Structures are given as structure tokens and as C-alpha cells.
1. Tell me, please, whether a residue that is in contact with a strand residue (DSSP E or B) (Cβ under 8 Å, 6 or more places away or on another chain), in the same structural domain as Val177 (by TED's automatic domain parsing), surrounded by fewer than 17 Cβ atoms within 10 Å (Cβ to Cβ) and of a type in the set (A, V, I, L, M) can be found in region 18-25.
2. Can you give me the number of residues within region 172-208 that are polar (S, T, N, Q) and either closer than 12 Å to Leu14 by Cα or without any contact (Cβ under 8 Å) to a residue 12 or more places away in the chain (or both)?
3. I'm checking my understanding of the structure. Among residues of region 170-188 that are of a type outside the set (Lys, Arg) and surrounded by fewer than 16 Cβ atoms within 10 Å (Cβ to Cβ), which one is farthest from the ligand (Cβ to nearest atom)?
4. Determine which member of the set Ser81, Ser111, Ser94 is among the polar types (S, T, N, Q) and not assigned by TED's automatic domain parsing to the domain that holds Ala35.
5. Consider only pairs whose beta carbons are under 9 Å apart and that are at least six residues apart or on different chains; among these, list those whose first residue lies in region 143-170 and is closer than 14 Å to Phe18 by Cβ and not assigned by TED's automatic domain parsing to the domain that holds Lys192 and whose second residue is surrounded by fewer than 18 Cβ atoms within 10 Å (Cβ to Cβ) and not polar (S, T, N, Q).
6. For region 165-196, how many residues meet the condition of being under 26 Å from Asp104 (Cβ atoms) and either in contact with a Lys or Arg (Cβ under 6 Å, 6 or more places away or on another chain) or at pLDDT below 95 (or both)?
7. Residue check: is Ser28 within 16 Å of the ligand (Cβ to nearest atom) and buried (at least 19 other Cβ atoms within 10 Å of the Cβ)?
Amino acid sequence: MSSVMRNQDKESLLNIIFDLDDTLHDKSASLKTYAECLLNTALNNLDLSKQQFVSEFVAQNNIIQPKSHVFRTLAERFRFSPHLERELLIAFDSSFHEFSVPFDGALSTLSMLKNSGVSIGCITNGRDFFQRAKIRALGFDQYFDFTITSGGVGVKKPDARIFEMGLGNFSRSDKKVCFCGDSLSSDMAPAKTLGLITVWKTEDKNKPDYVDHCFSTFQEFDQLWQTTLVYA
Ligand SMILES: [Mg+2]
């Protein structure tokens, strides 16, 4: 008789921490939708190349820099008045979260993990109010046991301290912990240094040795979880 229990008969032996942006949250898709909305509202009277604006808006927001710099650069490039520049910055902070979209399958993966008895944390770099507003709008908050933002704690990834804060939040310290993120330098390398199982969201097929597993879609993640990670 087999002594192997079915997955659903046992409590998960793993917990997981996710990065937010570009891992669960499809940041580039959200930025693109937001830029297109601006072109139809605040910017609809301006004479500018729509395609150029959208790509510059996405590119500037994907650079790690204060949002005031993003809108200063856009204002210079597209000749916005100082008044418009300021309006755009204020509007972005108060309404970008409404445009946030998850990657396909991200919500059902979180639900699957939760139903399997996995504790789920989130560690994200960014301003506290901004990251939390996105998490709520994306519907992730009901699945996260905790959220740590660099803006909230004053330390950012790849600093080991923010990872240690996360690990201290799990009620069971005997379980292994996976860290799932898209950045090699901010997520994967520091997580591996702390002995976590590293799961990289990437399109890249060449993984460095400190990455244990990779996936590009959440369908692939679920498969990885069912076939490999549950036995880790
Ligand atoms: Mg990220």
C-alpha cells in the first residue's frame, strides 16, 4: 500500500513570499492603459504623438526614480506647462491603482495556494500608500497574510533585513519558504543568500545557479507547484 498522501490530505510544507510589480501585477499593461486614458482626458487638447507618449510614459515609470522626476522628464519632452505637470503627478498618485491589472492567472494561483494551506506574504519596493492601494485594487489583499513595503519599513530589497522581516511574519518557522519575483538582483540573489527556494518569473530560459525554478505564466507556475514545489 502506498504511504504517499495526496496533496490535499496534508498541510503544505511550504510558505511563499511574492514580489508585486512585474511578478503578480502586470505593471507595463497598467501603465499603458493609464497613459492611453491620459491621452483621452487631461492631454486630449495637446498636439503630441500618442504612440511616443505611451512608450515614453511606460519607459519612464519603469525606471527606478521618484515619480516627480518621471513627470518632470515627460513635461520637458512633451512641453507640458508646470501646472499640467503638477496635476499629472497628483492624479497619478491618487488614481493609478484603479488601472492596475494582474497577470493572467495570478488571482487563481493565489487562491489555489491559499486553499492548499500555504501562507502568502508580499515584499515590495515602493511607497507604502501606493503599493497598498494597488494590492487592494488588484484583489490580492484577501490572500496575503502580510505585506511589507520598503516605504513602510525604510529598507528596500535587496537589503537582507526586509527579507528577514518577512520571514519573521510567518507563524510557522519550520516550513520552507519560496521567494517568487522577477528581479535577479533584488529578489532572487538575496533570497538565495538567506536560504530560500528561489522562483523566478521570466521569459529567459538561461537561469543563474542561484535560481531554483523559473516560469513565465501562472499556468506554468501552477504546474511547477503541483509537480515539483509541493515536494520541495
Ligand atoms: Mg518586481
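1. Taking every residue of region 18-25 in turn, none turns out to be in contact with a strand residue (DSSP E or B) (Cβ under 8 Å, 6 or more places away or on another chain), in the same structural domain as Val177 (by TED's automatic domain parsing), surrounded by fewer than 17 Cβ atoms within 10 Å (Cβ to Cβ) and of a type in the set (A, V, I, L, M).
2. 2
3. The residue in question is Asp174.
4. Values: Ser81 fails: not assigned by TED's automatic domain parsing to the domain that holds Ala35; Ser94 fails: not assigned by TED's automatic domain parsing to the domain that holds Ala35.
Just one listed residue meets the conditions, Ser111.
5. Going by the 9 Å Cβ cut-off, there are no qualifying pairs.
6. 2
7. In short, no.
The values are calculated or read from the model by the stated rules, or taken from the named source; none is laboratory data. Predicted model only: the values in this text are computed from it and were never measured. Note: ideal-geometry Cβ built from the backbone for every residue, glycine included; neighbour counts use all protein chains shown.
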